[in-house]
């Protein structure tokens, strides 16, 4: 799946950026924002359902997989 591969790449890039720009992130107090962003990216990257469904977004038994992935990408 292309979206999960992109999320793995974004996850690695965000970790590298955190290391490269550590001084700037400390100076501007962006640690909390960076942590939340990395959490959402990692959550989207680790999504690996047994069945990819195309149900309703609010479906209890078969939620829409693409909407869930898109929600995590947008949060990041």
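Suppose the chain between residue 16 and residue 46 were pulled fully straight at 0.36 nm per residue; how much longer would it get relative to their current alpha carbon spacing? Display every interim value, and only then the final one.
Numbers: separation 30, 0.36 × 30 = 10.80 nm, distance 1.85 nm.
Working it through step by step, the gained length comes to 8.9 nm.
Using r as the Cβ-Cβ distance of residue 27 and residue 75, and R0 as 30 Å, what FRET efficiency do you calculate, to the nearest 0.05? Don't skip to the answer; put the middle values down first.
Values: r = 25 Å, r/R0 = 0.83.
Working from the Cβ atoms, E equals 0.75.
Could you sort 24-32, 12-20, 67-75 so that the peptide with the highest average Cβ count within 10 Å comes first and the rest follow in order? Present the calculation step by step, with values, prior to reporting the outcome.
Working: 24-32: 10.8, 12-20: 12.3, 67-75: 15.4.
Top to bottom by mean Cβ count within 10 Å: 67-75, 12-20, 24-32.
FYI, it's all coordinate maths here, none of it is from the lab. Computed from a prediction, not measured in an experiment: that's the story for all the values here. All Cβ positions, even for glycine, are placed from backbone atoms using ideal geometry, and neighbour counts span all protein chains on display.
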